[in-house]
1. S89 versus (1) in a strand (DSSP E or B); (2) in contact with a helix residue (DSSP H, G or I) (Cβ under 9 Å, 6 or more places away or on another chain); (3) at pLDDT below 95; (4) polar (S, T, N, Q): which is the lone unmet condition?
2. Is one or more of the residues making up the range 42-61 in a strand (DSSP E or B) and either of a type outside the set (D, E, K, R) or over 12 Å from the mean Cα position of the chain (by Cα) (or both)?
3. On the given criteria, is E66 at pLDDT below 95, assigned to a strand (DSSP E or B) and either on the phi < 0 side of the Ramachandran plot or β-branched (V, I, T) (or both)?
4. With respect to S25, is the statement that it is more than 11 Å from the chain's Cα centre (by Cα), part of a loop (DSSP other than H, G, I, E, B) and among the small types (G, A, S) true?
5. Applying the selection to the range 1-32, what residues are touching a strand residue (DSSP E or B) at 6+ places or on another chain (Cβ under 7 Å) and either more than 21 Å from A74 (Cβ to Cβ) or not small (G, A, S) (or both)?
6. Sort out which residues of the range 31-61 are over 15 Å from N82 (Cα atoms) and either hydroxyl-bearing (S, T, Y) or buried (at least 17 other Cβ atoms within 10 Å of the Cβ) (or both), and write them in order of number.
Amino acid sequence: MNKNFISIITPTYNRDIYLNRVWESLRIQTVQNFEWIVGNDGSTDGTSNLVIELAKNSKFPVTLIESSTRIGKARIDNIAINKSSLKNSFSDHNATQRVSHV
């Protein structure tokens, strides 16, 4: 059984400027039994490279799902949901969470 009890899914398109803030809000959570799944919907900015770098410094699993072209939020969400472990919580690219949110 997977130790992660929740999957946090963040769909994004050209929003690398927000992803540090999302990652930081996840990093400070008091409970770390979650995975972060980032669905990159064909971004042309530095989204992919940033998520790869954030994953290297993460204490929780980070999965990057990439589309080479824009396929739309609903489709990237569905792909991410299929990759998730269990329960799901959506977090948009510009959302931050309080310390005890997760």
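The values are calculated or read from the model by the stated rules, or taken from the named source; none is laboratory data. This one's a predicted model, so the numbers in the text were calculated from it and none came from an experiment. Don't worry about glycine lacking a Cβ; one is built from the backbone with ideal geometry, like all the others, and counts go over all protein chains shown.
1. Result: S89 fails condition (2) only.
2. no
3. Taking the combined requirement at face value, the residue does not satisfy it.
4. So S25 fails the test.
5. N4, F5, I6, I8, I9, T10, P11, T12, Y13, L19, V22, L26
6. Once the filter is applied, which keeps residues that are over 15 Å from N82 (Cα atoms) and either hydroxyl-bearing (S, T, Y) or buried (at least 17 other Cβ atoms within 10 Å of the Cβ) (or both), the range 31-61 yields F34, D41, S43, T44, T47, S48, L50, V51, L54, S58, F60.
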